[in-house]
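Participant: Supplied in structure tokens, the structure appears directly below.
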Amino acid sequence: MGKFLSEVYASETAPDNYYSHIGIIISLKIEQNEKNKTYISLSGNEFFYGKMPAKFPKLILHVSDNDINFAFISKLIIIQFLPMNATKILCAAALALFVFPSCKKDLAGKDSEDNVIETSPAVMTAINANVNTDCAGYYQVIPARYDSSSKKYPLILFIHGIGELGNGTSELSNMLRAGLPRLIYKKNFPADFESAGKHFSFIVLSPQFKKWPTNAEVNGVLQYALKRYRVDTTRIYVTGLSMGGGVTWDFSSEYGASIAASVPICGGSWPDDNKASHIASFNLPVWAFHNVDDPTVPVSYSMDYVSKINSHHPITPARLTTWPTGGHDAWTKTYDPSFKGNGMNIYQWMLQYTRGSLSK
């Protein structure tokens, strides 16, 4: 949290004596103006009637940090005024500045909250909901402190394989057979990940599709998530296995500009030149995985995708990790947090990237 600036701005539109001898509630609220500047407004509200007359003065105190959770509202301060004139307005501002240290402490707490280390396992819940025509349920995984905080979290959207298709209700548990949902269900998913000296915990959503989903249907799930969860929209990551790996390739080729990184695993998608060029044009970081002896989806699919993407010279070259054996199951090794490439597991690798800063 940056230091509060000293400037105080006060409207003098209220006539003298207009609010004579009434109580006024001054509320401190963090807001964002049309120029995307952060400020704190001290808005006067008529104590007896609970509304703010149109000409009541508004005091603005600017702050220097734009990295604030705008849902946060500080404590209310109740003060008494005699006749309201410009001098009294500025006195009110002085009183507000006097109490700012405690407010500033609260805001600093909000800032430090973003780097708190989670120690309890994430909470996994089966959700039955008509997300769209192809999805009627999903597994929700949220950090243990999600409900007691107001911070925003990175999102991983996991796309399952064809063997886990289902109705989203009675068949939702099919999702626990493989991949990220299984890892989390077995409590092998760390509560905390460190990247560049900061600590992160993920929201993970695993939708169950009734049939092979289209890109629009996957995007529908993503938009559903953004409306219902506190997602850090600069840190949205998509991954999937087999069918889901193919969907990850396809989704990345159409909606890659809206996500920060992509991890397709043994993806069943033909390595099309146009799709590869679109992924490259988005400068989307991609880390693909495949087993050389995969009998279901040839390893050449991942090899060709990565080669075609890199032929367009994206800012972050696509990378591929292959293992000589393992059959179709390349996901168990990929999602294992103990597996690392260049010193990072896939979760730490994802966290390197945000949609606003992809040049690593």
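The values are calculated or read from the model by the stated rules, or taken from the named source; none is laboratory data. All values reported here derive from a predicted model rather than from experimental measurement. Heads up, the Cβs are rebuilt from the backbone with ideal geometry, glycines too, and the neighbour counts pull from every protein chain shown.
Residues are listed down the side, and each one gets a yes or a no for (1) at pLDDT below 95; (2) closer than 25 Å to N342 by Cβ; (3) surrounded by 15 or more Cβ atoms within 10 Å (Cβ to Cβ):
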site	(1), (2), (3)
S148	yes, no, no
I156	no, yes, yes
S195	yes, yes, yes
K198	yes, yes, no
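Participant: Any chance the stretch 201-209 includes a residue that's touching a residue at least 12 places away in the same chain (Cβ under 8 Å), among the aliphatic types (A, V, I, L, M), buried (at least 22 other Cβ atoms within 10 Å of the Cβ) and over 20 Å from I259 (Cα atoms)?
Facilitator: To start, the set of residues in the stretch 201-209 that are touching a residue at least 12 places away in the same chain (Cβ under 8 Å) comprises 201-209.
Right, trim to among the aliphatic types (A, V, I, L, M) and you get 203-205.
So of that shortlist, the ones also buried (at least 22 other Cβ atoms within 10 Å of the Cβ) come out as 203-205.
The next check asks that each one be over 20 Å from I259 (Cα atoms); those that pass are none.
So far as the stretch 201-209 goes, no, none of its residues is touching a residue at least 12 places away in the same chain (Cβ under 8 Å), among the aliphatic types (A, V, I, L, M), buried (at least 22 other Cβ atoms within 10 Å of the Cβ) and over 20 Å from I259 (Cα atoms).
Participant: Next question. Working only within the stretch 196-235, note down all residues that are among the hydroxyl-bearing types (S, T, Y) and in a strand (DSSP E or B). First the steps, then the outcome.
Facilitator: Residues of the stretch 196-235 that are among the hydroxyl-bearing types (S, T, Y), as a first pass: 201, 206, 214, 224, 229, 233-234.
Of everything in the stretch 196-235, those that are among the hydroxyl-bearing types (S, T, Y) and in a strand (DSSP E or B) turn out to be S206, T233, T234.
Condition check ((1) out of contact with any Gly (no Cβ under 6 Å at 6 or more places or on another chain); (2) under 29 Å from T296 (Cα atoms); (3) in a loop (DSSP other than H, G, I, E, B)) across all residues:
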position: K151; (1), (2), (3): yes, no, yes
position: L157; (1), (2), (3): yes, yes, no
position: G166; (1), (2), (3): yes, yes, yes
position: T169; (1), (2), (3): no, yes, yes
position: M175; (1), (2), (3): yes, yes, no
position: R182; (1), (2), (3): yes, yes, no
position: F189; (1), (2), (3): yes, yes, yes
position: E194; (1), (2), (3): yes, no, no
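Participant: Another one. Out of the stretch 284-311, which residues are surrounded by fewer than 16 Cβ atoms within 10 Å (Cβ to Cβ) and either under 23 Å from N342 (Cβ atoms) or not acidic (D, E) (or both)? Outline the logic, then answer.
Facilitator: Within the stretch 284-311, the first condition is being surrounded by fewer than 16 Cβ atoms within 10 Å (Cβ to Cβ), and the residues that meet it are 292-293, 295-296, 298, 300, 307, 311.
Answer for the stretch 284-311, where residues must be surrounded by fewer than 16 Cβ atoms within 10 Å (Cβ to Cβ) and either under 23 Å from N342 (Cβ atoms) or not acidic (D, E) (or both): V292, P295, T296, P298, S300, S307, S311.
Participant: If the requirement is being closer than 22 Å to S300 by Cβ and within 25 Å of the chain's Cα centre (by Cα), which of these qualifies: W349, W323, W331? Step through it out loud before you land on a result.
Facilitator: On the way: W349 fails: closer than 22 Å to S300 by Cβ; W323 fails: within 25 Å of the chain's Cα centre (by Cα).
That would be W331, the only listed residue that is closer than 22 Å to S300 by Cβ and within 25 Å of the chain's Cα centre (by Cα).
Participant: Kindly evaluate K333 against the criterion of being basic (K, R), under 23 Å from A178 (Cα atoms) and modelled with pLDDT of 95 or more. I'd like the intermediate steps shown before the answer.
Facilitator: Details: basic (K, R): yes; under 23 Å from A178 (Cα atoms): yes; modelled with pLDDT of 95 or more: yes.
Considered against the rule, which asks whether it is basic (K, R), under 23 Å from A178 (Cα atoms) and modelled with pLDDT of 95 or more, K333 comes out as yes.
Participant: Restricting to the stretch 291-322, name every residue that is of a type outside the set (S, T, N, Q), over 12 Å from W249 (Cβ atoms) and in contact with a strand residue (DSSP E or B) (Cβ under 7 Å, 6 or more places away or on another chain). Let's see the steps before the verdict.
Facilitator: From the stretch 291-322, those of a type outside the set (S, T, N, Q) are 292-295, 297-299, 301, 303-306, 308-309, 312-315, 317-320; that's our starting set.
With over 12 Å from W249 (Cβ atoms) added as a condition, the list becomes 292-295, 298-299, 303, 312-315, 317, 319-320.
Answer for the stretch 291-322, where residues must be of a type outside the set (S, T, N, Q), over 12 Å from W249 (Cβ atoms) and in contact with a strand residue (DSSP E or B) (Cβ under 7 Å, 6 or more places away or on another chain): V292, V299, M303, R319, L320.
Participant: Of the numbered conditions (1) in contact with a Ser or Thr (Cβ under 7 Å, 6 or more places away or on another chain); (2) in the same structural domain as Y224 (by TED's automatic domain parsing); (3) in contact (Cβ under 8 Å) with a residue 60 or more places away in the chain, A144 satisfies every one except a single condition; which is it?
Facilitator: Checking A144 against (1) in contact with a Ser or Thr (Cβ under 7 Å, 6 or more places away or on another chain); (2) in the same structural domain as Y224 (by TED's automatic domain parsing); (3) in contact (Cβ under 8 Å) with a residue 60 or more places away in the chain, the one that fails is (3).
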